[in-house]
Amino acid sequence: MLSEAARGVSHVEFRGVSKTYDGRSYSVRDLDLAVRKNEFLTFLGPSGSGKTTSLMMLAGFETPTSGDILIADKPVTHAAPHKRNIGVVFQNYALFPHMNVAENLAFPLTVRKYPRSDIKNKVDRALDMVRLGAFAERRPAQLSGGQQQRVALARALIFDPVLVLMDEPLGALDKYLREKLQYEIKRIHAELGVTIIYVTHDQSEALTMSDRIAVFDEGRIQQLASPADLYERPASAFVASFIGENNLIEGTVLEAAAGLSAHRSACGATLRARHAGEFPAGRPSILSVRPEKVSLMPQPGACDNVLDVKLEQYMYHGDHLRAVFRLAGGGTMMCKVPDARPLGQARPGDVLRVGWKSDDCFAFPATRAS
Ligand code: ADP
Ligand code: MG
């Protein structure tokens with residue numbers, strides 16, 4: 001089969017890209033990634049996992065230690081940043097404090113020697129796009145954080161780049177503004193049809209905005225998939241626990257066949273789960289099940305995994321209830337149910353039955369402490 005690059009649909013490619021700053025530890029390890037044209041692709045991962053370093057190498061502010069980066073099939077690994085024609089937005093606005101909003105927006109056009117009349121038109125259009133028409137004369141210091149970040153966004157887009165990189169652009173904003181601007185960025189992405197590579201450590205932001213998400217950990221992409229696939233088919237215990245909430249239970253493989261396996265759990269019960277690849281008997285495993293997939297007091301026969309657990313506490317969340325249970329072999333498990341009915345008169349310390357389907361449970365090899 002032809003690669004995406006060979007078929008001409010990939011816009012950006014990392015080929016075996018590694019980066020070490022000190023010659024000893026690697027911040028990015030052997031990164032292979034093809035970003036599609038017009039895609040909204042997110043780098044998601046914990047702090048220090050190599051997201052910014054990868055983006056900086058693509059923007060041209062850092063040089064890979066080895067490997068190649070291609071934009072539109074052309075190697076750019078050693079090209080100067082301004083030759084790459086990429087729009088960039090960072091977390092800390094980076095607007096010019098001595099220029100007003102219109103001058104900030106005009107700057108990328110002036111350095112690219114656009115004619116004066118073009119500049120005026122483009123600045124007006126950009127101000128409309130981010131709904132800041134009334135703020136052209138203001139200095140950055142006279143704007144709120146959200147407004148400043150809108151200016152930064154408009155400035156990254158004003159010279160019509162086909163590729164835009166955003167590194168935690170909403171990280172400094174409060175939740176309300178963040179959600180508003182997430183929506184704005186998605187609207188602009190749909191309107192302009194640009195390729196966006198977006199960096200965040202916020203999984204809900206990644207899930208709501210992205211076409212695909214690359215989950216980073218320790219300088220490597222652990223999984224690259226659509227939000228729904230990441231959520232429903234995590235490839236490792238790390239991804240399962242990083243994306244959304246998950247209960248993780250330690251176990252040992254009893255038997256495995258055709259994607260379904262049985263495990264002896266640390267709490268003594270036999271639990272059944274789905275898995276990928278080879279899974280030999282005797283191997284330590286980690287089972288994961290999402291809190292919303294765990295039923296409280298399930299009907300007999302409704303779940304092929306059942307455990308008797310001790311209620312530790314429950315919390316009312318308005319639209320749902322969370323109950324935390326202590327497992328027999330140590331550790332806790334959380335379950336999320338629509339209302340308190342299945343709890344009945346239960347009090348902390350009471351033993352209740354919980355259950356879930358093997359179809360909603362994933363087993364992974366226990367490769368490291370999790
Ligand atoms: P992220 O953006 O995912 O938080 P970074 O790419 O910033 O991660 O960092 C990855 C690793 O590289 C970290 O261990 C960080 O300390 C290291 N690192 C990043 N930038 C530099 C630098 N300029 N000099 C030395 N080490 C760096
Ligand atoms: Mg970073």
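The values are calculated or read from the model by the stated rules, or taken from the named source; none is laboratory data. Treat the numbers as computed from the prediction; the structure is a model and nothing was measured. With ideal geometry, Cβ positions are generated from the backbone for all residues, glycine too; neighbour counts draw on all protein chains shown. Ligands, DNA and RNA are stripped out before the accessible areas are found, and what is left, the full protein with its side chains, is counted by its heavy atoms. Shrake-Rupley method; radii C 1.70, N 1.55, O 1.52, S 1.80 Å.
Figures for the structure shown
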{"read-out": "Stokes-Einstein diffusion coefficient of region 245-365, Kirkwood radius over Cα pairs, 4 °C, 1.567 mPa s, in µm²/s", "value": "89"}
{"read-out": "Unit charges at the beta carbon, dipole of the chain: most positive-side option, Pro348, Gln148, Ala134", "value": "Ala134"}
{"read-out": "MRE, 222 nm, helices only [DSSP H, n ≥ 4, -39500 (n - 2.57), over the chain, to nearest 500]", "value": "-7000 deg cm²/dmol"}
{"read-out": "Per-peptide average of other Cβ atoms within 10 Å, ordering 27-37, 70-80, 123-133, 49-59 highest first", "value": "49-59, 27-37, 123-133, 70-80"}
{"read-out": "Average accessible area per residue (Å²) across region 270-339 - probe 1.4 Å, nucleic acids and ligands excluded", "value": "51"}
{"read-out": "Förster radius 56 Å - calculated FRET efficiency between Ala302 and Leu192, Cβ distance, rounded to 0.05", "value": "0.70"}
{"read-out": "Long-range HN-HN contacts of Gln222 with modeled amide H, under 5 Å", "value": "Val215, Phe216, Asp217"}
{"read-out": "Counted charge near Leu55, where neighbours are those whose Cβ lies closer than 11 Å (Asp, Glu -1; Lys, Arg +1)", "value": "-2"}
{"read-out": "Relative compactness, region 162-313, computed as alpha-carbon Rg over 2.2 N^0.38 Å", "value": "1.31"}
{"read-out": "Whole-number percent relative contact order across region 4-234, with pairs defined as alpha carbons under 8 Å at least 6 apart", "value": "27"}
{"read-out": "Mean Cα-pair separation over length for region 199-248, i.e. relative contact order, pairs under 8 Å, 6 or more apart, %", "value": "27"}
{"read-out": "Qualifying lysines (Cα of each under 17 Å from Cα of Lys120; at least 8 residues distant if same chain)", "value": "none"}
{"read-out": "Linear extension gain, Val351 paired with Asp229, 0.36 nm per residue minus alpha-carbon span", "value": "40.4 nm"}
{"read-out": "Spin-label model distance (nm) - Glu179 vs Asn121, 7 Å beyond Cα toward Cβ", "value": "3.9"}
{"read-out": "Environment charge at Leu311 (Cβ cut-off 15 Å; Lys +1, Arg +1, Asp -1, Glu -1)", "value": "+4"}
{"read-out": "Bins of 10 Å, starting at 0 and running to the largest distance - Cα pair percent for the chain", "value": "5, 20, 25, 21, 16, 10, 4, 0"}
{"read-out": "Entries in Lys51/Lys83; Lys51/Lys175; Lys74/Lys122 that, when Cα-Cα distance is taken, lie over 26 Å", "value": "Lys74/Lys122"}
{"read-out": "Share antiparallel - DSSP beta bridges, the chain, percent rounded to 5", "value": "75"}
{"read-out": "Percent accessible area from carbon and sulfur atoms, the chain, protein chains only, probe 1.4 Å", "value": "51"}
{"read-out": "Inter-label distance for Ala94 and Leu260, nm, one decimal - labels placed 7 Å from Cα along Cα-to-Cβ", "value": "5.3"}
{"read-out": "24 Å Cα-Cα reach of Lys310 towards lysines, excluding residues that sit fewer than 8 places from it in its own chain", "value": "Lys293, Lys336, Lys357"}
{"read-out": "Residue of Gln223, Gln142, Gln299 that the Gaussian network model of the chain assigns the largest fluctuation, springs spanning Cα pairs under 10 Å", "value": "Gln299"}
{"read-out": "Accessible area in square angstrom per residue, region 180-254, 1.4 angstrom probe", "value": "39"}
{"read-out": "Efficiency of FRET between Ala328 and Thr252 - r from beta-carbon atoms, R0 25 angstrom, step 0.05", "value": "0.95"}
{"read-out": "Virtual spin-label span in nm between Val162 and Ser25, 7 Å along Cα→Cβ", "value": "3.9"}
